[in-house]
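The values are calculated or read from the model by the stated rules, or taken from the named source; none is laboratory data. Keep in mind it's a predicted model, so treat the numbers as computed, not measured. Backbone-built Cβ (ideal geometry, glycine too); neighbour counts: all protein chains shown. The protein model used for the area step is the full one, side chains on, heavy atoms only, and it has no ligands, DNA or RNA in it. Shrake-Rupley method; radii C 1.70, N 1.55, O 1.52, S 1.80 Å.
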Amino acid sequence: MKKHMWMIAAALALALGAMTPMIAGAEDAPQAATPQEQAHQQAIEQAAKAMQAAQIKGPADIKLRDQAVLKLPAGYVWVPEPAAGQFMKAVGNHPDERELGLVFPASQDQGWMAVARYEEAGYIKDDDAKNWNVDDLFKSLKEGTEAANEERRQNGYPELDIIGWIEKPAYTADTHRLVWSMAARTKGAPSDEANSVNYNTYALGREGYITLNLITGQQAIAQDKVHAQVLLSALNFNEGKRYADFNASTDKVAEYGLAALVGGLAAKKLGMFALAAGFFAKFAKVILLAGAGVAAAVGRFFKRDNSKA
C-alpha cells in the first residue's frame, strides 16, 4: 500500500481542489514524476500524516475559537488547524487566519469534505433576505466569478463557469442560517463533464459568521448534502456570541448584507474550494491503481497504523 500512497495523495489532492495536474499522461500508465511533482507529492503526504495525527473522531465537542461549539456526531472526523491548513496549502489552496478546520466522513465509502471558516465581518444585517431576487443573485454570482477568473488566470489556475443552482438560497430567520448550492465546472470543459458542487451553509453570529462549505460531485449531492445539514444543526454559538446578543450601541456592523454571501463576495472564493471534477475521469486509472476511491483513501490513511506509515 505504501508504494501507492503518493498516487492516493495525488488523487485526493485533485478531489479537494488542487487545480494543477500532478501526473502527466495519467490516462495511460503513470509516468515518472518530475521534481516539482515529487515535491507536491511529498508535501501532500506530510500534510496527510499531520492530519492523521491531529484528527478528532466524533462524538466530540469541537471548540471553534471563542465563538461556537460544533457537537461533532459519531461518523465524522474533525481535522483542526494547523494540520487542516497545511493540507489545504499542499493541494493548492491559500488558507489564512479564517480557517477553522476540515470535516471528513469516517466511512470509507463516502467522498466529500467540508471546510469550516470563521469570518469576523461583524453583525450581518439580514433584512435583504426578505426581498432578494434569486435571479439577481445568480447574475451577481456569475459576474463575480468572471471577475475572479482574471485572478485565477494570473495564478495559473483554470477559470470557472457557473452552471446553475443546485439549491437556491434559503435563509431561516429564526435560526439565522443560510444555505445555498451552486454547480460549477472548468471553463471550456466538455458539456458531458461532471460538474463540481459547493454546498454552502452559514451560521450567523454577533461578531461574524461561520461557514461550512461541503465539497462533492453533482452525482453525489443528493446524499451528501444531508451531512452539511447535520453539521450545521450541530453548530451553536456560545452565549454572548449569538446573533440575538447583538448590541447596536457597541457592536460592529458588517459592511455588506446577507445577499453578498450569495453574490459577488461568494464568487471570489468559489474557485478556492471548487472541486476539479473533470480530473476524476483523467486520473481514474491512477485512483484504481491505488486500490481505493477518494474517500477510501482518506479513511484508510486515517486508519493506518502509525508503524506502517
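Restricting to Cα pairs below 8 Å that are 6+ residues apart, what does the relative contact order work out to for segment 48-136? Please round to a whole percent.
On the way: 115 pairs, mean separation 18.3, N = 89.
It rounds to 21 percent for segment 48-136.
Under 20 °C and 1.002 mPa s, how fast does segment 171-218 diffuse according to Stokes-Einstein, given a Kirkwood radius computed over C-alpha pairs? Answer in µm²/s, whole number.
It diffuses with D of about 173 µm²/s by this estimate.
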With Kirkwood's inverse mean 1/r over C-alpha pairs for Rh, give me the Rg to Rh ratio of segment 39-121, two decimals please. 0.97
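Give the relative contact order (percent, whole number) for segment 184-259; include only Cα pairs under 8 Å separated by 6+ residues. Walk me through the numbers before you get to the answer.
On the way: 77 pairs, mean separation 21.9, N = 76.
Here the relative contact order equals 29 percent.
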Students sometimes get this wrong: rank Glu45, Glu255 by accessible area, probe 1.4 Å, all chains present, largest first. Glu255, Glu45
Which three extents, in angstrom, do the Cα atoms of segment 81-224 have along their principal axes, listed largest first? 40, 37, 34
Pairs beyond 21 Å (Cα-Cα), from Lys63/Lys89; Lys139/Lys187; Lys63/Lys130: Lys63/Lys89; Lys63/Lys130
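Rg to Rh ratio, segment 190-265, alpha-carbon atoms and Kirkwood radius? Each step should come with its number before you reach the end.
On the way: Rg = 16.1 Å, Rh = 14.6 Å.
When Rh is taken as the Kirkwood radius, the ratio is 1.10.
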Within the set of other residues whose C-beta is less than 15 Å from the C-beta of Val103, count the net charge using Lys and Arg as +1 and Asp and Glu as -1. +1
